[in-house]
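Quick notes on the structure that follows.
The values are calculated or read from the model by the stated rules, or taken from the named source; none is laboratory data. Note that the coordinates shown come from a computational prediction; the quantities given were computed from them, not determined experimentally. As a convention, Cβ positions derive from the backbone with ideal geometry for all residues, glycine included, and neighbour counts pool all protein chains shown. Surface accessibility is based on the protein's heavy atoms, side chains included, excluding ligands, DNA and RNA. Shrake-Rupley method; radii C 1.70, N 1.55, O 1.52, S 1.80 Å.
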Amino acid sequence: MRYDTPDPALHGSVARSIRLAFGGDKDEDALNWMDRLGHEYLRVVVSTDGHLEATAALVPMAQCFGGRAVPMEGVVGVTVPPESRGRGSATALMTEMVREMHERRVPISTLYPATQPLYRRVGFEQAGARFEWTISVREMVVDGPDAPGVELRPAVEGDEEAIEACAERVALSNPGGLVRGPYCWSRVHWDRMHERRHDAVVILMDGEVRGFLYYRLTRPDAMERGREMILRIAACAAEDGPAAAALLRFIAQHRSVATSCTLYQGAGPGMLAMLREQPYRAQLVNHWMLRVTHAEEAISARGFAPGVSAEVVIDLADDTIPEQSGAWALRVSGGAGELTRCDAGVSSRAGVRMTERDLAALYSGYMSAAELSRLGRVEGDAASLASLDACFASAMPWLSDAF
């Protein structure tokens, strides 16, 4: 099989594969999606006789860990044509993509799995979650008046740069927070079929954007003839309490037309904790998976707690990227970390032994070294495990966006 970006002659076959995998109505919709994504991000494997075997795309963005944005490439649109399934095409494609990212020194990669075994075979592991929160709009009460100087208005052309900067500042404080690239921002601005642009408001304090909300009002099928609607939030962020309170009041002001509101965030209530009562419920939608594609870059790019100082020798096993296998010295101090190669023969004296999948779960803070050890996935002495847990301690990492 040959791995490459698809030449124009294959675009029709790629579109067909995407339509058949994701249930689209016509190939044209998939071709339009490919155009919006950017053909340079598409990847395929092709048989020796030129037939399409599998497709995917690598989308540049960043994910926040330890208060720093780590360059990340999201894996999207993984498909195999029905006639090519069951012969390892997807594994071959994912293997090549992982190795390509390593060669380009991309620190990490993240995806939402349709099936986990495929991605685990090439080193991805569960590393965080995405929750849907449903709020009863008519029960929402935010105590107290608006803070002085807070202004809410519709977003207008020219606000995009300030909105994106606000979103990034908020993402930096969230474990796993996404710094969107153009692809993910287009999914915030537009509906899934790119037919309807979402409405948006911004929160200003002293003329500076401190919060925003993209939304749409929809009718569920069962209530199509009724007046009641659902307020669906495509994206929102608030940098402080006054901005969060203003956003919550804006949502509550839809009580005459909307019975409920849905938004996506982590396992904790976040700004919803500011409500007088608890008119909400959370449901796990799915777990996302992460792969450390370049271990040295991944450690140096993320942040660590400023008060932590540690040094641990890790013996890493990575079948897909054998260059990453072997003994590494992890050193953390002053809020930064580095991973350096150990001399030959040090592996036998390593404090911890793990695979690339274990490193992914540890890196995001999704699982602790102690928990991985209890499950028999990581071997190590108590002091080394405790040091790793001090380095990677985190609240549950989460993403609001699906991609």
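Quick rundown of the values:
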{"quantity": "Solvent-accessible area per residue for the range 1-137 (1.4 angstrom probe, square angstrom)", "calculated": "40"}
{"quantity": "Estimated translational D of the chain in µm²/s (Stokes, Kirkwood radius over Cα pairs; 37 °C; 0.692 mPa s)", "calculated": "144"}
{"quantity": "5 angstrom amide H check on THR355, placed H, neighbours 5+ away", "calculated": "ALA317"}
{"quantity": "Carbon + sulfur, % of accessible area of the range 238-307 - ligands and nucleic acids excluded, 1.4 Å", "calculated": "48"}
{"quantity": "Cβ crowding within 10 Å averaged over residues, with 74-84, 267-277 ranked highest first", "calculated": "74-84, 267-277"}
{"quantity": "Computed lengthening from ARG105 to GLU83, 0.36 nm per intervening residue step minus Cα-Cα distance", "calculated": "4.5 nm"}
{"quantity": "Cα-Cα pairs of the range 141-190 separated by more than 15 Å (percent)", "calculated": "63"}
{"quantity": "Accessible area (Å², per residue) of the range 261-389, counting only protein heavy atoms and a probe of 1.4 Å", "calculated": "43"}
{"quantity": "Carbon + sulfur, % of accessible area of the range 60-120 - ligands and nucleic acids excluded, 1.4 Å", "calculated": "51"}
{"quantity": "FRET efficiency for GLN116 and PHE22, using Cβ-Cβ distance with R0 set to 22 Å, rounded to 0.05", "calculated": "0.75"}
{"quantity": "Check: the chain dipole with +1 on Lys, Arg Cβ and -1 on Asp, Glu Cβ, in debye", "calculated": "940"}
{"quantity": "Under Karplus coefficients 6.51, -1.76 and 1.60, residue-wise ³J(HN,Hα) of the range 369-379 in Hz, glycine/proline x", "calculated": "4, 4, 5, 4, 5, 4, 7, x, 8, 10, 10"}
{"quantity": "Global geometry of the range 218-309, whether rounded, prolate or oblate, following the gyration tensor of its Cα atoms and the 1.5 cut on a/c", "calculated": "prolate"}
